[in-house]
1. Hey, what do the phi angles of region A:97-113 turn into as Karplus ³J(HN,Hα) couplings, whole Hz, using 6.51/-1.76/1.60 and θ = phi - 60°, x for Gly and Pro?
2. Report the semi-axes of the equivalent ellipsoid for chain B in whole Å, largest first, where each axis is √(5λ) for an eigenvalue λ of the Cα gyration tensor.
3. Within a 10 angstrom radius of each residue's Cβ in A:44-50, how many Cβ atoms of other chains show up on average? Whole number is fine.
4. Give me D for region A:81-149 in µm² s⁻¹, whole number, from Stokes-Einstein with Rh from the Kirkwood sum over alpha-carbon pairs, 37 °C and 0.692 mPa s.
5. For a footprinting-style exposure proxy, rank B:Asp55, B:Asp407 by other Cβ within 10 Å, fewest first.
6. Among A:Val149, A:Gly31, A:Phe15, which residue has its Cα furthest toward the positive end of the charge dipole of chain A, with +1 on Lys/Arg Cβ and -1 on Asp/Glu Cβ?
7. To make sure I understand, if each residue's beta carbon is the centre and we count other beta carbons within 10 Å, what order do B:His453, B:His217 fall in, fewest to most?
8. How many partner chain Cβ atoms sit within 10 Å of a residue's Cβ in peptide B:43-50, on average, as a whole number?
Amino acid sequence: MPGRDVAVAGVMLAFAIAAFYESWRMPVFAGQYLSAPGLFPALTAGAIGLLALIVLVVRVPQWLGWRATPAEAPEEPLGSVAQVILCATIVGVSILLMRPLGFIAAGILCTVGLMLAGLGRRPTGGEGLLIAIFGLALPFLTHLLFTRVFLTPLP
Amino acid sequence: MDVWNHVAPLFTPYFLGLMAISTLGGILVGMLPGITVTMSVGLLVGLTFGMPALDALIILTCVFVGGIYGGSQSAILINVPGSPAAAATALEGHEMCKRGQAGKAIGYSTVASFLGTIFGALVLFAVAPAMAEFALQFAAWEYFLLALVGMAISAALCGRSMALGLIGAFLGMLIALVGMDSVWGYQRFTYGSTDLAAGFSFIPAMIGLFGLAEVLHALSAPKGKPLATKITGLMTRFGDYWRYRMALLRASIIGVVIGALPGVGADIAAWVSYGANRQLSKERENYGKGTPEGVVSAEAANNAAVGGTYVPMLTLGIPGDAVTAVILGGMVLHGLRPGPMFFLESPQYFAIIPMIMIIAAICLLVMGLMLATVTPRILSVPAWILFPVVVLLAIVGSYAVNNRLFDVWVMFAFGLLGWGMRALTIPAPPLVLGMILGPMADAEFRRALTASHGSLEPLYTRPLSLLLIGVFIITILASTGLLQKWIRRKSASAPAAGN
């Protein structure tokens, strides 16, 4: 856990420095420093940087083993990271294809892809049939419902 | 306020039917592990966008009430809470299930949730108007401080580290500042993108943060199977509840109070109530072995918190938890503006919302008990069938808010952010609160500074500001352990001084 916190704090410190720099570069209109658009973002970025520094000061000695790490509650199991990357890729590609192919085609890809990824093994005959029916019907019915009833102009 | 005139339109077959169906839907989504109440409400905000404001408010509130309760059934039967608010219920409820008392545990959780919801609704009805009048005294500095206090309380109670929670909250603030500045119209952090000029839409961000992130987590994690396949003995005698009357009362009070703290919510309320009742119980030795008192403590508190979360949302525009943050976003989409002026502009909602909660509680009692017999079958629906539906609705829901593909990408990006935060055990509620409070804090801070010509004097000369600064300091000291150390040192030195 200290290792993860150090990594998070490091990333947030770099982010805070970048955000502070960007806020600093924002213009001041009519000499009104107190209402300048960059004032509040700069303070917020400063607060993030300060908090990240505090986390680093506390956690780095624990991470390096110089100071004992206090007992912490057990972490919730995360599951398979590869599975998460696969599911995220399926969703991302489906969104990417929504404009050129339309919602129904992208929806079929998304539904079938996620069902297979979630199943995590080769489907049996019955499961394959269920995936095929579900994968075709769900995007079609969703498109019908939203374009006809809710009047949403889906691609 | 003419209460009856305001609530009378609710007693039509259409609205009563809508409340019954929404509560049932809430129970079902709350029951299914991985489909959280925040996710469902976020999806529904997108889907109810075209409806009248009252219809949308009824659906969102009833799903909230039903969903918080529904989580207890899966917590009892498979030891996997359907919603985070039911995590404390699993400790005792699942032990009862293992002893063959699943029906009894569900019966206790249903009645406790019903009573907790009614208590929360009555407190909301009684307290919110007075709170709204009090909020009218707030000036710019107080609003800015209120945002800071809310974020500090949320960070202190929601995560394992206050610093990480606060980082999340300030990150949320920065995210909310992307887009056009409210004072000068300057585009901040947009880098020439026209899509970013209006900032990140809140609803797609919430759908991603709580919907897609949850799906990514759930699809990769194994799930339990129901222990009990047949549920019997749901009805318990009145005497059984009378025995736990003090636990019920304590849980309801704790639930409302914790619910009213900005950005904290029902799950923390359930844990605090469970812990407090365990300490004060006459049956302390039965805790951990499956005592109905534990189930009652957690369930009454998490449902009472629903009413509590609406108090700061309606009166100050500060959500009590992530779900009310999403509902707040939905209300704004429908042209309603919760905040200090809301009581003057739309007083009817201060009677309508508690009444919706009371009717939802009645639906919850009837449907919860009826549904319990088929719960094991519902819980056996595999995640790989369920979650593609959620993802498709998340895509459509994000798109429907502004009819923009960019919002779907926002949902996707926040989904990845939410999963990453979960992986790093950084709590999401402070980030949500930061996103809600960011624009308000920015505008009020600059307004206050301009009005006082850069002087910080009003911060320490106005009693309300001083009170808020005091709460902020105490929150920081208490969550970092410094306050406890100081109290211990004081109490250790007091007897020594006496001698």
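1. Residue by residue, region A:97-113 yields 8, 4, 6, x, 9, x, 5, 5, 5, 5, x, 4, 4, 5, 5, 5, x Hz.
2. Square roots of five times the eigenvalues give 34, 29, 23 Å.
3. The per-residue average across the peptide is 6.
4. Reported coefficient: 261 µm²/s.
5. Result, fewest neighbours first: B:Asp55, B:Asp407.
6. Result: A:Val149.
7. Lowest to highest Cβ neighbour count: B:His453, B:His217.
8. The mean count of partner-chain Cβ atoms within 10 Å per residue comes to 2.
A short reminder: the numbers here are calculations on the coordinates, not readings from a lab. This one's a predicted model, so the numbers in the text were calculated from it and none came from an experiment. Here Cβ is always computed from backbone atoms with ideal geometry, including for glycine, and neighbour counts include all displayed protein chains.
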